[in-house]
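What follows is a single structure, written as structure tokens, with notes after it.
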Amino acid sequence: MTTQRPDPPYRRIVAELRTRILAGDLRPGDRVPSIRQIAQRWGVAVATATKVVAALRDEGLVEAKVGAGTVVSGARASRRERPAGPAGLPTARQPGVPKGSLNRRHVLRAAIAIADAEGLGAVSMRRLAAELGAGPMSLYRHVTGKDELVTQMADEVFGEVELPVPGPEGWRAKLELIAYRQWELSRRHLWLPRAVSFTRPLLVPNMMAHTEWTLRALDELGLPMETRLREALTLPALVRTVALSMAEETEAEQETGVTLDGWWLLQRKRADELLGTGQFPLLATLPEETGSDLDGMFDYILARHLDGFAVMMSRGAARPR
């Protein structure tokens, strides 16, 4: 006699939420419990709660909305209303990708669109196949797996930036140009900072072109290649550091539905109590928006870094002995 194993916890939670959505208890646009709320309400690990949201998203029942969190999808349909493949994935090929014409660029742009809307964690080969209306195995003709997919996604978006040759006059103007273009890229693709590593750099052409351009921007200074390479790695590291904070803030808004301004309003009473004690007279004079102005923060960090680099050049500290 064999005993049937119970479904994994995440499947039971998915089934419960699916039933509520299809029954109309949760209507299109309604917020569904966040990952943290699922973990607390059902007493499961965050990893399990993450699988719940991913499974509902794969079935087309929920979607991420900036400023609202995860909500019931407006395009949801029951399994009786649309054909579906395994695990509820739609089988119809999306418009714009004719059958038999799927290529590497289609795959990358679709993956980038998912990551832009929902974050890098939402990207999977299975989800991507559903978006393209293709069989999951067909994607492996273009990428070997998710790791290579993310690498190629990063390289694809770096290719969106045009780097002028030779560029503006002077090393500082050149470094400012490439730093601000990478900052704009990170603002457009919030997942990008997490896809880039400086200890294990991605050896792909568009990203390498950025490094090469930065090295060439320092030609006039007569620096050893080691110093030039360190600067070519430090500059995008500054961009990445601030961009990660920007990405985390956007994720917090999606998770909680509370904007940064809204969060500060909620904290105002506590802040007034602390600052009203007189223990922090200098902090009490600061405008509220100072800490939340990430563009201003990036301007400041970049300017101070380049000021320091200029001082190092004036002292000859980085020149060959």
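The values are calculated or read from the model by the stated rules, or taken from the named source; none is laboratory data. Since the model is a prediction, treat every value here as computed from it, not as a measurement. Note: ideal-geometry Cβ built from the backbone for every residue, glycine included; neighbour counts use all protein chains shown. Surface accessibility is based on the protein's heavy atoms, side chains included, excluding ligands, DNA and RNA. Shrake-Rupley method; radii C 1.70, N 1.55, O 1.52, S 1.80 Å.
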Largest-first ordering by accessible area, 1.4 Å probe, given options Thr50, Thr70:
Thr50, Thr70
With label points built 7 Å along Cα→Cβ from the Cα atoms of Glu184 and Ser245, find their separation and express it in nm.
2.2
Tell me, what is the 1.4 Å probe accessible area of Trp213, in Å² to the nearest 10?
30
Quick one: order Lys269, Lys51, Lys146 from most to least accessible surface, probe 1.4 Å.
Lys269, Lys51, Lys146
If you wrap the range 102-180's Cα atoms in a convex hull and average its projection over all directions, what's the area in nm²?
6.3
Rounded to the nearest 10 Å², the accessible area of His189 at probe 1.4 Å
10
Working with all protein chains in place, sort Thr151, Thr234 by solvent-accessible area computed with a 1.4 Å probe, largest first.
Thr234, Thr151
Inter-probe distance in nm under a simple model that places probes 7 Å from Cα toward Cβ, at Arg105 and Ala45:
4.2
Given a Förster distance of 41 Å, report the FRET efficiency between Arg304 and Ala23 from their Cβ-Cβ distance, rounded to the nearest 0.05.
0.10
How many nm separate the modelled label positions at Asp116 and Thr144, each set 7 Å beyond the Cα in the direction of the Cβ?
2.9
